[in-house]
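So the structure is just underneath, and the comments pick up after that.
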Amino acid sequence: MKDDTVYLRHILECIRRIEENTAGGREVFIASHTLQDAVLRNLQTLEESTRHLSEATKSARPGMDW
């Protein structure tokens, strides 16, 4: 099992990439299947990383929708 900091960093990196890939706005995003695929892949990776977080880490942020 990896340390939660590895997963948390991975989650933050996915968020950064999603923000970067959507910075051009809705129209640019909708017009590019490549951007859509990149965002979708990062959302999937983010979700997978959250599943690997320990219950202790998740419990420390009860207001977060993990």
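For first residues located in segment 31-46 and closer than 14 Å to residue 20 by Cα and at pLDDT 95 or above, partners that are part of a helix (DSSP H, G or I) and of a type outside the set (Gly, Ala, Ser) and lie 6+ apart or on another chain with Cβ distances below 6 Å form the pairs 35/21; 35/29; 38/21; 39/18; 39/21; 42/14; 42/17; 42/18. Could you tell me whether residue 65 is of a type in the set (Asp, Glu) and exposed (fewer than 10 other Cβ atoms within 10 Å of the Cβ)? Yes: the conditions hold for residue 65. In segment 22-58, how many residues are surrounded by 11 or more Cβ atoms within 10 Å (Cβ to Cβ), of a type in the set (Ser, Thr, Tyr) and either in contact with a Pro (Cβ under 9 Å, 6 or more places away or on another chain) or not in a loop (DSSP other than H, G, I, E, B) (or both)? Number satisfying all stated conditions: 5.
The values are calculated or read from the model by the stated rules, or taken from the named source; none is laboratory data. For clarity, every value in this text was computed on a predicted model and none was experimentally measured. Note that each Cβ is placed from the backbone with ideal geometry, even for glycine, and that neighbours are counted across all protein chains shown.
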